Amino acid sequence: MAEPHRAGPTATPPRAAAASASAACVVAGAVAVTVAVVAGPGPGLTGYVSEAGVTDSGYAPAYRIGVFALAAGVLLLAAALPPALRAAAGLLAAGSVFALVSGAVTCSAGCPLPPFERATTADLVHGGASILAVAAVVLAMLATTLTRAAPSVLRRLAGVALAVALPLAGATAVALVTVGRGSLIAVLERLLLLVAVLWGAATATTVALRR
């Protein structure tokens, strides 16, 4: 006998409101960071996204505001998810804390990271928090995909995003320790962040509409 289709419960008004706010924060944050990266004096497609937030950049405030908005969006999404997705919500809440640290701690020029460059303590804190924030979001996609009691539409969204994000995350990790800063990791990082933003916005919008 085939398993019945599980659409899942509709979102309660508080969860729907949190989801709507989450979608707005994620989109606004992504726009602010993109403006800082594109319009700022950074190295374009040869450096990290975080370089837009270096203190002497005129677009650093826009970058940091964008990161804080993304952190708020991720936390609101954690609050908006249905009860069945407690594991994913916990991962998103942790990711929001790491994103907050990433925005609060600024890296030095070039955002150097080992093993190819000498990094300061701030560089290590910023880089580590940024990596953990993205990793938490990818793991939240995985947790959502594997939670059979979750609404099917959310599982499908997470599954599609995970199929793209997981290879990108793996390639980014390998490039980080074998190649270092350059055009390869810059493109991989931007693609991975784009997938994370699209998944967050789509999931929040879907939850908001399930009223």
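At-a-glance table
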item: Cysteines in the chain lacking a second Cys C-beta under 4.7 Å; result: 25
item: The chain - mean residue ellipticity at 222 nm from DSSP helices (-39,500 (n - 2.57) per run, n ≥ 4, rounded to 500); result: -24500 deg cm²/dmol
item: Calculated FRET efficiency for the pair residue 166/residue 109, C-beta based, R₀ 45 Å, to 0.05; result: 0.90
item: Computed magnitude of the charge dipole of the chain (debye, nearest 20; Cβ of K, R +1, Cβ of D, E -1); result: 760
item: Sorted peptide list for 130-139, 146-155, 100-109, criterion being average Cβ within 10 angstrom, highest first; result: 130-139, 100-109, 146-155
item: Over the stretch 56-153, relative contact order from alpha-carbon pairs under 8 Å, at least 6 apart, %; result: 31
item: Inter-centroid distance (Cα atoms) of the stretch 13-67 relative to the stretch 162-211, Å; result: 15
item: 15 Å beta-carbon shell around residue 77, net charge (K/R +1, D/E -1); result: +3
item: Label-to-label distance, nm, for residues given as residue 65 and residue 39 (7 Å Cα→Cβ offset); result: 1.0
item: Label-point separation in nm, residue 178 to residue 156, each point 7 Å along Cα→Cβ; result: 3.6
item: Charge tally in the Cβ shell below 14 Å around residue 165, where Lys, Arg are +1 and Asp, Glu are -1, residue 165 excluded; result: 0
item: Extension gain from residue 79 to residue 121, taking 0.36 nm per residue of separation minus the Cα-Cα distance; result: 11.9 nm
item: Derived scalar couplings ³J(HN,Hα) [the stretch 89-94; Karplus, 6.51 cos²θ - 1.76 cosθ + 1.60; whole Hz; x for Gly, Pro]; result: 5, x, 5, 5, 4, 5
item: Kirkwood Rh and Cα Rg combined as Rg/Rh, the stretch 132-192; result: 1.08
item: In order through the stretch 127-137: 3J(HN,Hα) via Karplus (6.51 cos²θ - 1.76 cosθ + 1.60), integer Hz, x for Gly, Pro; result: x, x, 5, 5, 5, 5, 5, 5, 4, 5, 5
item: FRET efficiency, 1/(1 + (r/R0)^6) with R0 22 Å, evaluated for residue 190 and residue 55 via beta carbons; result: 0.50
item: GNM top mover of 26, 187, 74 - the chain, alpha-carbon springs below 10 Å; result: 187
item: Normalised contact order of the chain, rounded percent, pairs of Cα under 8 Å and 6 or more residues apart; result: 30
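Bear in mind that the values in this text are calculations on the coordinates, not laboratory data. Only a predicted model underlies this, so the values are computations on that prediction, with no experimental measurement involved. Cβ: placed from backbone, ideal geometry, glycine included. Neighbour counts: every protein chain shown.
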